[in-house]
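Novice: Sharing a structure below in structure tokens format, with a few things to ask.
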Amino acid sequence: MLRPLLTRLPLRRSLTTMSTPMEDLMRDKLAHEFTPTTLIIRNDSHKHAHHAAMEGSTSKETHFHVTITSSAFEKKMQPARHRMVYALLKEEMAREGGIHALQLRTRTPAEEQRELEREKNV
């Protein structure tokens, strides 16, 4: 299955929502720390607003999906890569009304290239 071309554009802004303060903060921190070739941040908060854990929350920025490609992940297994991102966003995850859920897809440039080549052959 081919993915839309837009998902491969480096450092693109989310198309589903307007940029938000938390999303901007995440983008700035991730870009500065990991110098990614691809960084996609998708705010999925609207899909979870009705959950009991979100009751009473005034934040509209609680659930995110991040796809990041960086050479900083070379020679590291997925758990270590995820710990690197979690450590960077520790304050945002601990803050009241901050990040409640964070899905990560972390890749190296070589892994991303292999995925693109596989997609071309499908």
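Novice: Give the accessible area for ASP28 in Å² (nearest 10); use a 1.4 Å probe, count only protein heavy atoms, and leave out ligands, DNA and RNA.
Specialist: About 100 Å², ignoring ligands and nucleic acids.
Novice: What residues have an amide H closer than 5 Å to that of LEU104, excluding those fewer than 5 places away on the same chain, when H is modeled at 1.01 Å from N in the peptide plane?
Specialist: So LEU104 has HN proximity to VAL66.
Novice: Given that compact globular proteins tend to follow 2.2 N^0.38 Å, what is the ratio of the alpha-carbon Rg of the stretch 65-117 to that value?
Specialist: Its radius of gyration relative to the 2.2 N^0.38 Å reference: 1.27.
Novice: For LYS29, what accessible area in Å² do you get when you roll a 1.4 Å probe over the heavy atoms of the protein chains, rounding to the nearest 10?
Specialist: Its accessible surface works out to 50 Å², give or take rounding.
Novice: Right, here's the next one. With θ set to phi - 60° and the Karplus curve 6.51 cos²θ - 1.76 cosθ + 1.60, what are the ³J(HN,Hα) couplings of the stretch 98-109 in order, to the nearest whole Hz, using x for Gly and Pro?
Specialist: Computed from phi, the couplings for the stretch 98-109 are x, 6, 9, 9, 9, 8, 10, 10, 10, 9, 8, x Hz.
Novice: Something else: Could you sort HIS32, HIS63, HIS82, HIS100 by their accessible area in this structure, using a 1.4 Å probe and putting the largest first?
Specialist: Largest accessible area first, the residues go HIS32, HIS100, HIS82, HIS63.
The values are calculated or read from the model by the stated rules, or taken from the named source; none is laboratory data. These numbers come from a predicted model, not from an experiment. Note: areas computed on protein heavy atoms with side chains; ligands, DNA, RNA excluded. Shrake-Rupley method; radii C 1.70, N 1.55, O 1.52, S 1.80 Å.
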